[in-house]
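A.B. asks: Submitted below is the structure of interest, expressed as structure tokens.
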Amino acid sequence: MTVLFGQLFTGVSIGAVLLLIALGLALTFGQMNVINMAHGEFIMAGAYTTYVLQQTVTTAGWSLLVALPVAFAVAGAMGVLLEVLLIRRLYARPLDTLLVTWGVSLMLQQLARDVFGSPNVQTRAPALLTGNIALPGGLTVANNRLFILALALAAVLALTLALRLTPLGRRIRAVVQNRDLAAVSGIPTARVDRTTFFIGSGLAGVAGVALTLLGPIGPTMGTNLIIDAFLVVVVGGIGQLKGSVIVAFALGVLQATGEYLTTLSVAKVIVFVAIVAFLQWRPQGLFTLRTRSLA
Amino acid sequence: MTAAPLVGTDPASAAGTPAGGRRGRRFDGPARTAAGFALGAALLFAVAPLTLSDFRLSLLAKYLCVAMVAVGIGIAWGRGGMLTLGQGVFFGLGGYAMAMHLKLADAGPGELPDFMQLYGQLDELPLWWRPFASPWIALPATVLLPMAVAFGLGSLVFRRRVRGAYFAILSQALAAAMVILLVGQQGTTGGTNGLTDIQGFFGYDLDDPVNQRMVYFIIAASLLALLALARQLIRSRYGELLVAVRDGEERVRFLGYDPAGVKLVGYVIAAGMAGLAGALFVPAVGIISPALIGIVPSIEFVIGVAVGGRATLLGPVLGAVAVAWARTALSERFPGTWTYLQGLLFVLVVAFLPGGLASLWALARQRRSDPAGARWWRRSRAADPAETRTEVSAA
């Protein structure tokens with residue numbers, strides 16, 4: 001029972017990290033059909049923002065709190081820059097966008113190496129987040145993992161509410177569902193795209209802050225995570241968030257269970273096979289956005 | 001923004017139309033091709049071995065292996081529109097199949113390869129290593145194994161119409177899974193180090209420069225053979241169908257063809273080419289490791305193709321060799337700068353010159369021959385994509 005719960009919690013916390021990363025992707029991929037390979041480097045930017053802030057705000061707890069909005073803004077600004085300079089010109093060619101943004105991610109990685117050095121750096125975690133919480137029945141959960149889970153859920157909640165209730169959210173949904181109809185209805189789709197990209201990339205920055213609690217920060221930290229996050233979006237289906245939420249946790253639990261029963265490397269292969277098998281059943285992902293548009 | 005682009009809207013197709021449009025020129029058809037192959041053969045078999053040092057020649061052998069992968073990507077991506085970001089997997093399967101055989105041959109009959117003795121967990125050869133002791137199994141496996149994996153994945157994925165970016169992500173995930181698997185099973189795969197220190201190649205000592213030259217000649221001949229194969233394929237009815245599937249999959253389906261089958265053939269052929277390249281890479285370089293076949297090298301295979309011109313026959317080969325050469329030349333002198341340059345090259349070529357450097361050649365000729373061609377070039381750079389679209393499809 002304890003082992004089962006432990007594995008389940010590990011799975012859920014892997015899922016929470018995936019979810020934080022995939023949320024931003026679900027937004028940008030879903031809206032603009034654009035695969036942004038530099039998303040992983042926005043995560044890295046968020047993590048390094050935390051590191052830099054900790055040099056000035058020395059109290060670990062405060063620096064983490066300050067880092068969340070700052071990293072959101074930094075990564076979001078980088079996203080907008082990328083959108084304005086490159087992605088906007090390539091909407092008709094999504095596959096080329098993938099390659100172009102990969103080139104950008106290469107440059108950003110090298111930039112990080114030149115600025116911060118190739119070796120990984122470490123941030124100090126606040127004391128509150130280093131220990132464990134003992135639950136009744138001899139179960140323990142790590143505080144930092146619990147914090148990340150809470151952060152991921154809060155991000156989902158905030159994003160869902162923003163998409164449902166605010167005028168901006170309504171415009172974003174309209175553009176996702178039918179871009180042309182939204183445009184003729186007077187919605188400035190280019191501006192909506194830019195805002196979406198700001199929010200999506202900003203969420204990557206927040207994910208980066210969360211990742212500083214789990215391990216060291218390095219120039220290539222984004223590359224490994226990004227593929228899993230893309231798989232989450234592909235399997236979850238684009239155009240809405242609930243698919244990504246469910247799939248992130250499902251993949252996390254599958255990965256943790258596979259790791260427990262076999263080894264880490266075999267678990268990765270199991271996850272991949274499971275995804276290919278799943279796409280046989282639902283090639284468009286878990287939930288598809290049904291519209292009457294012909295596109 | 002539509003899911004199925006109109007025929008001819010892909011900018012790459014501007015450079016990729018089959019040579020039918022050039023008919024009526026003075027020098028065309030079989031004569032032109034034969035002359036091209038003769039020139040290529042002269043360069044590869046006479047000029048390069050006579051002018052380059054042993055060291056440079058072995059580097060060239062390595063680049064030519066990358067070029068063989070590029071020929072396959074040119075077919076799958078340039079012609080078929082399948083952006084495969086996992087060619088490293090097939091390159092690796094071919095490479096590991098060859099390296100396993102050579103390691104076993106180095107160790108001698110009944111002995112374990114050196115790294116297995118080093119890690120010391122095994123008393124006897126693992127079951128799945130055993131077939132590779134025989135060259136009659138190992139050599140065909142270098143090509144057939146990648147093709148089988150590509151067939152398995154492709155037949156599942158294409159039939160369910162998983163395509164575009166979805167397919168690209170899946171192929172990349174395959175590369176990630178393969179690397180993690182190889183690294184994780186250190187005792188039987190050599191882990192991060194890979195299979196290193198390969199000394200013999202079917203009885204020939206690879207340290208001997210004469211034998212290295214022999215390996216180079218094998219690689220050069222294989223590249224020419226693959227190019228001939230690719231040329232036949234592109235000119236065939238199948239080649240036309242592949243381009244049609246790229247430009248309008250739904251239309252091809254409505255015409256009664258099976259796009260999934262068409263794509264599958266292209267993908268499997270590309271995988272086979274990558275497998276052969278990996279197999280020949282091993283004797284040329286003496287090592288195969290996860291770092292050579294993972295996500296990053298897999299995308300780097302694509303760079304050369306994009307730079308050279310994805311939809312042309314020679315573009316991928318020349319682009320791959322040029323990029324690999326530039327990488328060696330520049331990273332020797334300025335290690336950090338190369339990464340910036342590589343990224344920048346990728347961004348500029350893909351974003352602003354999607355037909356690759358080959359399209360510069362085509363554009364220059366077009367401009368010289370008729371003034372309307374020049375106007376097409378100017379207007380295609382204009383901001384309004386709709387204008388470009390009508391121009392291209394009218395051409």
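Any read-out appearing in this document is the output of simple, stated calculations on the displayed coordinates, not a laboratory observation. Note that the structure is a prediction, hence the values are computed from the model and not measured. FYI the Cβ positions are ideal-geometry reconstructions off the backbone, even for glycines, and counts take in every protein chain you see.
A.B. asks: From the residues B:Tyr119, B:Pro131, B:Leu145, which one has its Cα farthest along the dipole of segment B:84-169 in the positive direction, the dipole being from +1 and -1 charges on Cβ of Lys/Arg and Asp/Glu about the Cα centre?
C.D. replies: B:Leu145
A.B. asks: How much length would be gained if the chain were fully extended between B:Glu332 and B:Asp258, taking 0.36 nm per residue of separation minus their Cα-Cα distance, in nm to one decimal? Intermediate results must be reported in sequence, preceding the final value.
C.D. replies: On the way: separation 74, 0.36 × 74 = 26.64 nm, distance 4.86 nm.
Working it through step by step, the gained length comes to 21.8 nm.
A.B. asks: While we're here: Return the single residue from A:Ala67, A:Ala38, A:Ala127 with maximal mean-square fluctuation; model: Gaussian network over chain A, springs between Cα atoms under 10 Å.
C.D. replies: So, out of A:Ala67, A:Ala38, A:Ala127, the one fluctuating most is A:Ala127.
A.B. asks: Do the sum for chain A: with -39,500 (n - 2.57) for every DSSP H run of n ≥ 4, divided by all residues, what is the mean residue ellipticity at 222 nm, to the nearest 500 deg cm²/dmol? Walk me through the numbers before you get to the answer.
C.D. replies: Working: 11 runs with 215 residues, N = 295.
That calculation yields -25000 deg cm²/dmol at 222 nm.
A.B. asks: R0 = 30 Å: FRET efficiency of B:Ala364 with B:Ser53, Cβ-based, nearest 0.05? Please list the in-between numbers first.
C.D. replies: Working: r = 35 Å, r/R0 = 1.16.
Efficiency, from the Cβ-Cβ distance: 0.30.
A.B. asks: Let me ask something else. For B:Ser171, B:Ser331, what ranking results if the residue with the fewest other Cβ atoms within 10 Å of its Cβ goes first?
C.D. replies: By the 10 Å Cβ count, ascending: B:Ser331, B:Ser171.
A.B. asks: Quick one: which residues, 5 or more positions from A:Thr140 or on another chain, have an amide H under 5 Å from its amide H? H modelled 1.01 Å from N in the peptide plane, none for Pro or chain starts.
C.D. replies: A:Leu135
A.B. asks: Can you tell me which aspartates and glutamates have their Cα less than 20 Å from the Cα of A:Lys242? Leave out same-chain residues fewer than eight positions away.
C.D. replies: Hits, sequence-local ones excluded: A:Asp228.
A.B. asks: I'd like the orientation of helix B:209-235 relative to chain B: the angle between its Cα long axis and the longest Cα principal axis, in ° from 0 to 90, rounded to 10.
C.D. replies: 40 degrees
A.B. asks: May I pose another question? Karplus couplings for segment A:192-204 from phi (6.51 cos²θ - 1.76 cosθ + 1.60, θ = phi - 60°), rounded to Hz, Gly and Pro as x?
C.D. replies: Computed from phi, the couplings for segment A:192-204 are 4, 4, 5, 5, 4, 5, 4, 5, x, 5, x, 4, 4 Hz.
A.B. asks: Using alpha carbon coordinates only, what is the Rg to Rh ratio of the protein assembly as shown, with Rh defined as the Kirkwood radius?
C.D. replies: In the protein assembly as shown, Rg relative to Rh is 0.97.
A.B. asks: In whole Å, what three semi-axes, largest first, describe the equivalent ellipsoid of segment A:24-219 built from its Cα gyration tensor (square root of 5 times each eigenvalue)? Let's see the in-between values first.
C.D. replies: On the way: eigenvalues 207, 95, 36 Å².
Sorted largest first and rounded, they come to 32, 22, 13 Å.
A.B. asks: HN-Hα J couplings of segment A:265-270 from phi, Karplus 6.51/-1.76/1.60, θ = phi - 60°, integer Hz, Gly and Pro as x?
C.D. replies: Using θ = phi - 60°, the values come out as 6, 5, 4, 4, 5, 4 Hz.
A.B. asks: Also, I was wondering about something else. Quick one, what does Rg over Rh come out to for segment B:198-287 if you take C-alpha atoms and the Kirkwood Rh?
C.D. replies: On the Cα set of segment B:198-287, Rg over Rh gives 1.20.
A.B. asks: Sticking with this one: Please build a GNM for chain B, connecting alpha carbons under 10 Å apart, and tell me which residue among B:Ala97, B:Ala311, B:Ala168 fluctuates the most.
C.D. replies: In the Gaussian network model the winner is B:Ala168.
A.B. asks: Restricting to DSSP H runs of at least four residues, report the calculated mean residue ellipticity at 222 nm for chain B, -39500 (n - 2.57) per run over all residues, nearest 500 deg cm²/dmol. Intermediate values should be presented prior to the final figure.
C.D. replies: On the way: 19 runs with 274 residues, N = 395.
Taking each H run of at least 4 residues, the total per residue is -22500 deg cm²/dmol.
A.B. asks: Now for a separate question. When only C-alpha pairs under 8 Å and at least 6 residues apart count, what is the relative contact order of segment B:149-222, in percent?
C.D. replies: Details: 22 pairs, mean separation 7.2, N = 74.
10 percent.
A.B. asks: What angle, in degrees between 0 and 90 and rounded to the nearest 10, separates the Cα long axis of helix B:315-333 from the longest principal axis of the Cα atoms of chain B?
C.D. replies: 60 degrees
A.B. asks: Among the aspartates and glutamates, which fall within straight-line cross-link reach of B:Lys62, defined as a Cα-Cα distance under 15 Å, with same-chain neighbours fewer than 8 residues apart omitted?
C.D. replies: B:Asp54, B:Glu300
A.B. asks: Expressed as an acute angle from 0 to 90° and rounded to the nearest 10, what is the orientation of the C-alpha long axis of helix B:135-159 relative to the principal long axis of chain B?
C.D. replies: 40 degrees
A.B. asks: Where does the Debye-calculated log10 I(q)/I(0) of chain B sit at q = 0.07 Å⁻¹, using only Cα point scatterers of equal weight, no solvent?
C.D. replies: Log10 of I(q)/I(0), two decimals: -0.34.
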